[in-house]
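Working notes, beginning with the structure itself.
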Amino acid sequence: MKSAVAIECFSKISELKTWRAELAFNCASGAKPVLGLVPTMGALHEGHMSLVKQAQVECQNVIVSVFVNPLQFGPTEDLAKYPRTLQSDIELCRDAGVHAIFHPSDSEMYPAGRVGTTVIVPPAELTERLCGSFRPGHFAGVATVVTKLFSLVQPDVGYFGEKDFQQLAVIKRMVKDLNTAVKVVGVPTVREPDGLALSSRNVYLTAEQRKQAPILFETLRQVQARAKSAKVSILEALEEGRQTLAKLPGVKLQYLEACDLDTLKPVDTADRPFVVLVAAKFGDVRLIDNLPVR
Ligand code: PAF
């Protein structure tokens, strides 16, 4: 734990802009980038804090944004019940030595309302499969809010978890397509000791579902090991994995796929780097995970 320093907390864009201007004035443009941004939807856990730690190593200042972005939730999704824990998020960030938190309201971020707002639409080739086919409009919502955060905060570097692998690929592509002057860094997934990827949604799992949930990572590891052993093809290894998950009571598999690391196009050989991705519903709780094989 770092010594507790004063943390700046802004809910208003005007306050954020004043702070950002002072930072530009006071910070030497030296060896390290001036500002790293960790965009989050709050309910912070060790996964988010690993992004913070990496940002602290690489940047002179770190700001965390906390905004549950309504634009990225579908009409039947969990926007209303998404965990909101601002006070403990602020304490966690203060203890970690984060310089500032930006926690705007919906009306601050979408001043003319979010219905009919201007949106950034990422390329279909990256968004129509995997999570995109189960969450129409989700990645346009993510791309739009990240564009707004980049424009407001003006970070040199943005940190995103590899846990949301498709999101990371979409943001990297968006920054490239829009010539945005922000470096996008992916940070490896943090796991519970039994392999379950940390997620703000894990709190919704019942005790029974929590016991089942590590099967996602076990399946990813099995697919990776089987495909690399060359005894079976990736396609066969994926099919075995799908059958394992399909047998679980109360679990609904959405996808188990192996894809190229950058384009997310399906791969059918293990002779170059790829990522195995999975999404499944445990009752109403949708969990995702992935395992890059580099
Ligand atoms: O990964 C998340 O928490 C969100 O999708 C993000 C990147 C903060 C955008 O709302």
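The values are calculated or read from the model by the stated rules, or taken from the named source; none is laboratory data. Everything quoted here is computed from the prediction, not taken from an experiment. Ideal geometry is used to build each Cβ from the backbone, glycine not excepted, and the neighbour counts take in all protein chains shown. Just the protein is used for accessible areas: all its heavy atoms, side chains included, with ligands, DNA and RNA removed. Shrake-Rupley method; radii C 1.70, N 1.55, O 1.52, S 1.80 Å.
What are the residues in the range 159-174 that are over 8 Å from the mean Cα position of the chain (by Cα) and either hydrophobic (A, V, I, L, M, F, W, C) or within 9 Å of the ligand (Cβ to nearest atom) (or both), if any?
Matches in the range 159-174: Ala169, Val170, Ile171, Met174.
Can you tell me which residues in the range 28-47 are open to solvent by 30 Å² or more (accessible area, probe 1.4 Å) and more than 16 Å from the ligand (Cβ to nearest atom)? Reasoning before the result, please.
Within the range 28-47, the first condition is being open to solvent by 30 Å² or more (accessible area, probe 1.4 Å), and the residues that meet it are 28-33, 41, 45-46.
Ala28, Ser29, Gly30, Ala31, Lys32, Pro33, listed by residue number.
Quick one: would you say Thr189 is open to solvent by 30 Å² or more (accessible area, probe 1.4 Å), more than 16 Å from the ligand (Cβ to nearest atom), hydroxyl-bearing (Ser, Thr, Tyr) and touching a residue at least 60 places away in the same chain (Cβ under 8 Å)?
Taking the combined requirement at face value, the residue does not satisfy it.
Which one is farthest from the ligand (Cβ to nearest atom) among residues in the range 60-89 that are exposed (fewer than 14 other Cβ atoms within 10 Å of the Cβ) and within 30 Å of Asn26 (Cα to Cα)?
If we take residues in the range 60-89 being exposed (fewer than 14 other Cβ atoms within 10 Å of the Cβ) and within 30 Å of Asn26 (Cα to Cα), then Gln87 is farthest from the ligand (Cβ to nearest atom).
Do you know which residues across the range 144-174 are assigned to a helix (DSSP H, G or I) and of a type in the set (S, T, N, Q)?
Thr144, Thr147, Ser151, Gln166, Gln167
State whether one or more residues within the range 259-274 are more than 20 Å from Val187 (Cβ to Cβ), open to solvent by less than 50 Å² (accessible area, probe 1.4 Å) and in a strand (DSSP E or B).
Checking the range 259-274: at least one residue is more than 20 Å from Val187 (Cβ to Cβ), open to solvent by less than 50 Å² (accessible area, probe 1.4 Å) and in a strand (DSSP E or B).
Considering only the range 277-286, I want to know if a residue exists there that is more than 16 Å from the ligand (Cβ to nearest atom) and more than 27 Å from Gly42 (Cα to Cα).
No - not one qualifying residue is present in the range 277-286.
Looking at the range 192-214, which of its residues are over 30 Å from Gly36 (Cβ atoms), aliphatic (A, V, I, L, M) and open to solvent by less than 30 Å² (accessible area, probe 1.4 Å)?
Leu205, Ala213 - these are the residues of the range 192-214 that are over 30 Å from Gly36 (Cβ atoms), aliphatic (A, V, I, L, M) and open to solvent by less than 30 Å² (accessible area, probe 1.4 Å).
Which condition does Pro104 not pass, out of (1) at pLDDT 95 or above; (2) within 14 Å of the ligand (Cβ to nearest atom); (3) surrounded by fewer than 19 Cβ atoms within 10 Å (Cβ to Cβ), if it passes all the others?
(3)
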